[in-house]
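The next block holds one structure in the form of structure tokens; read it before the comments.
The values are calculated or read from the model by the stated rules, or taken from the named source; none is laboratory data. This structure is a prediction, so every number in the text was calculated from the model and none was measured. Here Cβ is always computed from backbone atoms with ideal geometry, including for glycine, and neighbour counts include all displayed protein chains. All accessible areas refer to the heavy atoms of the entire protein, side chains included, with ligands and DNA or RNA removed. Shrake-Rupley method; radii C 1.70, N 1.55, O 1.52, S 1.80 Å.
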Amino acid sequence: MTNLLVQQENRGPGAIVPGFLDRGEAFGTAPSEQFGLKDFVRVIMRHRAMLLAVIGLITLATLIWQLTSPRLFSATANVQVELIDDVGTNQADVQAKNVQRIANEVKVYRSRAVAEQVAEDLSEEDLYRVLRWTDVGPKEPRKRRIAAATSAIRDMIGVQAEEGSDLIEITAVARSPKVAAIIANAYPAANAKLKSEKNNDRRNALLKSLEAERDKRATQAAEAAKSLANFRLANNMFVGSGTVQDLEQINRIAAEAASAGAMRAGSAAQSAGISRAAQMNTTANATSPVLQSLERQEAELSAEFARLSPMYGSNHPDMVRLNSQLSEVRRDVSSERARAETIASQVAGAEAARMTQMANSEASRDAARAGQLEGIVGRLTSKARANTANTVELDELDRAADASAKAYNEIAQRISQVRSEMLVAGLTSTLLSPATADDNPFSPAPLKMTVIAFFASALLGLLLVFAIEITDDKLRTMSQIRRLFGLPTFGMLPILTDGVSDKIEESPVISDPQSLYAEVARSSFVEVNALAPDGRAQSVLITSPLPGDGKSVVALTLAAAAMVMGKRVVIVDLDLRKASILQRIHRELHAPELLDVLRGAVDLKSLGGPETNQTALTEHYVEPEVDLRRLTLLSATSPVTEPAALLTSGRIHRLIDDLKLRHDLVIINAPATLAVRDARTMCEFADDTIVVARWGLTTIDQMSATLEMLGRDKIRGVIFNQVDYEEHARRRYGDSIEFYMHSSDYYRPPVPVAWRPIDRIRRMFGKHPQYGPQYN
């Protein structure tokens, strides 16, 4: 059975016992192997009680919660947010503004102000339905009912907006489907109303201030215009006077005067030409109706005369008559032509006189206009020079008037804009899809929620398990000692549920040699004894990181095991600062005082027990009896105040050497290493140093600090004390202890067995037996 508990743990430093997670090795980060499925199962089995408790409690609580919860109904209304659509601007900026617009709208819908507005807009009947499951009755003041309804509505409402969408989902959850639909549909209207009221209040205040400013600006504009008009009137300056318009007007009139002078010269030349043309008239073509008639008679008579001349002679009466008539007509023609020419000459003279008079008149008119325009140009030039002196003051008054008028117009436009905005204020979202009452409750869902709770609790339990494994830095296995510190483990002493007796003969190693504890103790001694040189005595120093780890019990156990196996043993208790079990046993044995031995008051020869008894092989094997005289205990009856003086005197070292001459094993019980520095000095007295680690209590850091303090080259191994075999096996570290129950027939009862569920529960509440106060 020694091999069952120890042999496996003394494998080479490269071997790894799977199933353990310590700091720096969790989840497959161990130095020598990956964390596999088998290790995962071991971790789960190690904490299966806690995992099942977490899963069971959460799942059962969820099931009870679902079975006792009231039925809840939901209704969802979809609201569309009015987005900005600026064409021609940076679309990235527009998109960012729209996203912010939707986010702001969601915040507004989630605000208490909107919920309060919804409560105020509800009818008395709907308000009663909302408050039906609260402690506020219908006879309470309306203000209190509104406040309670507001809180209830906020608890009912959930507002969500999907990314990339302009829709907002308003979901109301209530115990009545009708109430849920009413609340969900009331939110958009309440939001718009609240915004409108807030905006109108703000804009009314703005309008009031703007109108007051407008009246002030109107008065200032009127005063500025009046001052400008009075200045113009006082200085006889019209609009544009004193500016470039004066020069433009002078230039225009001067141009007209020049044109009038040119027209005057033209008219004079025209008058002279008409006078000369009148003198060049002719009367060659003068005629009259009588002259024209006489000329026709002359032509007719001449034609008749020419026709009759060939036929008649000149003396023919017809010829004489025609000749007489022709002469008379010709005289009349000459007389009439002379008269017509006279009349024509008179008419031409009169026309020439008329035209000459008209040309003279136009010339006089043009001359008068040219003189008038030249006079006007002179006066305007003189006035322009006068206006130039008033230009600076006029410009200042003009600018003041323009500024006042501009300010007045801007304020008037702002007032019109604010009034227009009041007509559409608050409409940033509209109800797109109203909520409808759904008679199918969405909660509770016992099966669904229980399944979810089961898997969620399982995940939580796994996280807790691995969190415990990762943060657990306690030493429990031999593989840890070998892997982390490169040291062997000589034994894992089981926990003594009945405590340790003050009598050496009542030690389980002696009183119950077939017990599990005795087997482990003998196995540990064999491992320690293997360190001794062949045939020579051995000195072993026992220490631990902290007080209370059980080093005194381990020293006593190793001594008992050696004594049982026929060795002469002496225990030198150098932990003299406080009382321990060794000092109590020392008093029971009436052994000599350590201080007396050091002073030489006690003869060392009197301390040696009987010679080592080597049992001879006989025909029948007879188990030897244990001789308690083989055990010698040197300690102090009471604590020593200054033990350091003993350590530095050199007498301790000589004492140990003398004791090795008379004993097979010298066990030195040293103080805890991290408590005082005595153990560091005592390592020089012993051949081998063994560190005791308390199972599940000593940490990696404590052990590392202990090894650093003592010097790693001086430490030969570790012995675990107070090992809870049941718990160790339950944790499934994959070592030999996990299977010790299968070998229980090798040991005398009682043998630790696997815990029952009730035992694990008692363990959680600290009901497991522990060592008494005498155990250290």
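Assorted remarks:
- Arg731 fulfils the conditions (1) without any contact (Cβ under 8 Å) to a residue 12 or more places away in the chain; (2) within 26 Å of Val41 (Cα to Cα); (3) not small (Gly, Ala, Ser) except for a single criterion, (1).
- Failed criterion for Arg476 (all others in (1) without any contact (Cβ under 8 Å) to a residue 24 or more places away in the chain; (2) basic (Lys, Arg); (3) in contact with a helix residue (DSSP H, G or I) (Cβ under 7 Å, 6 or more places away or on another chain) hold): (1)
- Of all positions in the stretch 486-495, at least one carries a residue that is open to solvent by 40 Å² or more (accessible area, probe 1.4 Å), at pLDDT 90 or above and closer than 27 Å to Ser552 by Cα.
- Checked against (1) at pLDDT 80 or above; (2) farther than 30 Å from Asn98 by Cβ, Leu194 meets all criteria but (2).
- Subset of the stretch 108-128 that is in a helix (DSSP H, G or I) and aliphatic (A, V, I, L, M) - its residue that is surrounded by the most Cβ atoms within 10 Å (Cβ to Cβ): Val118
- Counted residues, the stretch 66-81 - those being touching a helix residue (DSSP H, G or I) at 6+ places or on another chain (Cβ under 8 Å) and surrounded by 13 or more Cβ atoms within 10 Å (Cβ to Cβ): 8
- Within the stretch 307-342, being part of a helix (DSSP H, G or I), open to solvent by less than 60 Å² (accessible area, probe 1.4 Å) and either under 27 Å from Pro289 (Cβ atoms) or among the small types (Gly, Ala, Ser) (or both) holds for Leu322, Leu326, Ser327, Val329, Val333, Glu336, Ala338, Ala340.
- Residue in the stretch 723-738 that is at pLDDT 90 or above and surrounded by 17 or more Cβ atoms within 10 Å (Cβ to Cβ) present: yes
- Taking the criterion of being open to solvent by less than 90 Å² (accessible area, probe 1.4 Å) and touching a helix residue (DSSP H, G or I) at 6+ places or on another chain (Cβ under 8 Å), the residues of the stretch 453-467 that qualify are Ala453, Ala456, Ser457, Ala458, Leu460, Gly461, Leu462, Leu464, Val465, Phe466.
- Criterion (on the phi < 0 side of the Ramachandran plot, open to solvent by less than 80 Å² (accessible area, probe 1.4 Å) and in contact with a helix residue (DSSP H, G or I) (Cβ under 9 Å, 6 or more places away or on another chain)) met by exactly one of Ala148, Ala181: Ala148
- Residue that is least open to solvent (accessible area, probe 1.4 Å), among those in the stretch 673-699 that are farther than 15 Å from Phe720 by Cα and of a type in the set (Gly, Ala, Ser): Ala679
- Members of the stretch 526-550 that are open to solvent by less than 10 Å² (accessible area, probe 1.4 Å) and not in a loop (DSSP other than H, G, I, E, B): Val528, Gln538, Ser539, Val540, Leu541, Ile542, Thr543
- Restricting attention to the stretch 77-114, the residues that are in contact (Cβ under 8 Å) with a residue 60 or more places away in the chain and over 25 Å from the mean Cα position of the chain (by Cα) add up to 7.
- Unmet requirement for Asn409, which otherwise passes all of (1) at pLDDT 75 or above; (2) more than 30 Å from Asn230 (Cα to Cα); (3) within 48 Å of the chain's Cα centre (by Cα): (2)
- Qualifying residue in the stretch 191-214 (condition: more than 30 Å from Arg419 (Cβ to Cβ), in a helix (DSSP H, G or I) and aliphatic (A, V, I, L, M)): no
- Failed item, numbered, when Val136 is tested on (1) outside any loop (DSSP other than H, G, I, E, B); (2) within 17 Å of Arg175 (Cα to Cα): (1)
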